[in-house]
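The values are calculated or read from the model by the stated rules, or taken from the named source; none is laboratory data. Given the structure is predicted, the values throughout are model-derived calculations rather than measurements. Cβ sites come from the backbone with ideal geometry, for glycine too, and all protein chains shown count toward neighbours.
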Amino acid sequence: MTRGRSPQRAARRRLTVFRAVVLGLVGLFFLVPLVSMLDFSTRSLRTGGRTGAAWAKLVTDPLLSGAIVTSVVLAVLTVVLMVVLLVPTMIWVRLRVPWAARPLEFLCLLPLTVPPLVIVVGLKNVVLWLNYLLGDTPYILALLYVVLVLPYAYRALDAGLSAIDVTTLAEAARSLGAGWATVIVRVVVPNLTTALLSAAFISIALVLGEFTFASLLNYDTLQVAINLQSKSDAQESIAASLASILFAAVLLVILSVVSGGRRRRSATAAVRTTAVTTGTPAPTTPASAGRKRR
């Protein structure tokens, strides 16, 4: 028994060490450029010391601060339009016209096969018409960004809808007299929190990092401003790039925490439901054990 277990333990130990080495190398691969960007953006080129002047310009520079505001507003508009367009459509297709699921998936994934340059050229006349109708505003880009984020948002929402029984939820709500708007907003959408957050965060990251559309259509967004600033102030452009990367990383961490918390709550609820059904006592968690002692 002991001889049989020792090779298994050694194999597990080697696997653990291998995983740690691989994760460490991957972490260094991503961390070293970020540290280099931070070092360059905070270095004083005159004295060689440290300064936060480049980071302060992110707020004081009118070109960059205005571009940041524009990109944030575009991200919000894109997320809102994406949710309003995709969520009701995907729910309706699953409930009423399931045969249209494949054509809808094809349409949503189609932008992946078309280069952004081709999309801009193809929609140039539409943009000119919108400029004539609504005025020359950069927020028109939100309509193009919705097309850009469709493939990624569709995949996130499709995974969320596949994880729940939409048909049963809708039939139960309809049997109680709920309308379709109530079914979508108050029954199905609350079960898609993680999927909606995934789609929203991916959309925000794509909008904040998009350059081709805004550059070809002559609008000043964050990436266009960073490109312009790199020709006159490299430290400020590096600081802005690092800030956008860190912001996207924070969004991913928030998504991981939220999705992990929902999975733990779902697992706990499933265990309690099983315990009630079978009549066996549910296992106590450390928190519940502490409350019982008090």
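Overview of results
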{"item": "Qualifying residue in segment 64-81 (condition: of a type in the set (A, V, I, L, M), in a helix (DSSP H, G or I), farther than 29 Å from TYR154 by Cβ and within 27 Å of the chain's Cα centre (by Cα))", "result": "yes"}
{"item": "Condition met for ILE119 (surrounded by fewer than 18 Cβ atoms within 10 Å (Cβ to Cβ) and touching a Phe, Trp or Tyr at 6+ places or on another chain (Cβ under 8 Å))", "result": "yes"}
{"item": "Count of residues meeting criterion [under 20 Å from THR70 (Cα atoms) and among the β-branched types (Val, Ile, Thr)] in segment 114-150", "result": "7"}
{"item": "Subset of segment 189-212 [part of a helix (DSSP H, G or I) and either out of contact with any helix residue (DSSP H, G or I) (no Cβ under 6 Å at 6 or more places or on another chain) or free of Cβ contacts under 8 Å to residues at least 12 places away in the same chain (or both)]", "result": "VAL189, PRO190, ASN191, THR193, LEU196, GLY209"}
{"item": "Count of segment 111-164 residues which are free of Cβ contacts under 8 Å to residues at least 60 places away in the same chain and under 26 Å from LEU95 (Cβ atoms)", "result": "11"}
{"item": "All positions within segment 131-155 that are among the hydrophobic types (A, V, I, L, M, F, W, C) and surrounded by fewer than 16 Cβ atoms within 10 Å (Cβ to Cβ)", "result": "LEU133, LEU134, LEU143"}
{"item": "Of residues in segment 183-239 being under 14 Å from the mean Cα position of the chain (by Cα) and β-branched (Val, Ile, Thr), the one surrounded by the fewest Cβ atoms within 10 Å (Cβ to Cβ)", "result": "THR193"}
{"item": "Qualifying residue in segment 48-61 (condition: surrounded by 12 or more Cβ atoms within 10 Å (Cβ to Cβ), modelled with pLDDT of 85 or more and basic (Lys, Arg))", "result": "no"}
